[in-house]
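First up is the structure itself, then whatever we jot down about it.
The values are calculated or read from the model by the stated rules, or taken from the named source; none is laboratory data. Remember, predicted model here, so these are calculated numbers, not experimental data. Counting neighbours? That spans all protein chains shown, and the Cβs are built from the backbone with ideal geometry, glycine included. Note: accessible area is taken over every heavy atom of the protein model, side chains too, but ligands, DNA and RNA are not part of it. Shrake-Rupley method; radii C 1.70, N 1.55, O 1.52, S 1.80 Å.
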Amino acid sequence: MTLKLWFHEPEFLPPLEFFYGLVHSDVWVVMDHVPYSIRTRQNRCRIRTRTGTQLCSVSVKRPCNKLIFGTMIDNWQPWKRKFLEAVERSYMGSPFYTEYYEDLKYYVEAPNVLLETLNVQTTLWIAHLLKIEPQIVYSKSTCQNLSREESVKLLCNGLGGEEFHEQFFHPYYKQRYEPFEEGLSVLDALFSISATETRRLLTHDKI
């Protein structure tokens, strides 16, 4: 059986599309040897508020021209407090808010210094909630100085697998506020419909 490999940079509490790739793959190749990109999902996520959407960011230390695995969090900035307050304002009162908020707070307030550590830890926490247990390979171990295309080829050959790239169609679910908004952080689905129902949407399994 050919392994399915999910090649993706570590992101901060990414949207459902990320977890769609993860749930249908056997291995998450953490693409952490590529340059960090500012103002992307590597350090930002979108949540839903009463008046629309809000971008929430993890503060990173300058200069921001390092590779992902070397990008450091700027914990002198109050990003943790701002993020948790934004989540509380937006989702307190949602059906499953109390089920997941304290764990989210634990991971956000952990004394991480590297952005990659924060992103991978929170992603694996959510993956566990969704009953996803991927193998993990870090591209920095073997692919430094290689392009994405070269990295994919090298690791597919080395692991005996192929890249997963099936098209994602965003599912509808009952959000706290209307109209329905795509591309929000997976937190929106967790707080709104639970991890069990979120997994069902991603896998089309019956509960």
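Where the accessible area of the chain is counted over protein heavy atoms with a 1.4 Å probe, how much of it, in %, is carbon and sulfur? Ligands and nucleic acids excluded, carbon and sulfur reach 51 percent. R0 = 22 Å: FRET efficiency of E85 with Y173, Cβ-based, nearest 0.05? Rounded to the nearest 0.05, the efficiency is 0.35. On the basis of the beta-carbon distance and an R0 of 30 Å, I136 and T51 show a calculated FRET efficiency of 0.20.
Annotation: amide H-H contacts under 5 Å for T49 (H modelled 1.01 Å from N, sequence separation of 5 or more, or interchain): Q54.
Among the listed pairs K4/K82; K80/K174; K4/K140, a Cα-Cα separation exceeding 26 Å is found for K4/K82; K80/K174. Solvent exposure of S57, expressed as accessible area, is near 50 Å², computed with a probe of 1.4 Å over the protein chains only. Between amide H atoms placed 1.01 Å from N, distances below 5 Å from T71 occur with L115, E116, all of them 5 or more places distant or on a separate chain. Around the amide H of V29, modelled in the peptide plane, lie the amide H atoms of W6, F7, H8, V137, all under 5 Å away and 5 or more residues distant in sequence or on another chain. Each residue of region 16-21 was assigned a 3J(HN,Hα) from its phi angle through the Karplus curve 6.51 cos²θ - 1.76 cosθ + 1.60 (θ = phi - 60°); the sequence is 4, 4, 4, 6, 4, x Hz, with glycine and proline shown as x. Computed over protein heavy atoms with a 1.4 Å probe, the accessible surface of the chain works out to 52 Å² per residue.
With θ taken as phi - 60° and the Karplus curve 6.51 cos²θ - 1.76 cosθ + 1.60 applied, the whole-hertz 3J(HN,Hα) list for region 106-118 is 4, 5, 5, 7, 4, x, 7, 10, 10, 4, 4, 4, 4 Hz, x standing for glycine and proline.
What longest region of the chain stays clear of chymotrypsin sites (Phe, Trp or Tyr not before Pro) that DSSP places outside H, G, I, E and B and that have at most 16 other Cβ atoms within 10 Å? The reported range is 77-167.
Using the Cα gyration tensor of the chain, with a ≥ b ≥ c the square roots of its eigenvalues, what is the shape: rounded (a/c below 1.5), prolate (a/b larger than b/c) or oblate (neither)? Judged from the Cα gyration tensor, the chain comes out oblate (a/c at least 1.5, b/c at or above a/b). Look at the alpha carbon pairs under 8 Å that are at least 6 residues apart: their mean separation over the length of region 1-119 gives a relative contact order of 24 percent. With the cut-off at under 20 Å, measuring from each backbone N in region 13-56 to a point 7 Å along the Cα-to-Cβ line of E162 picks out 20-29.
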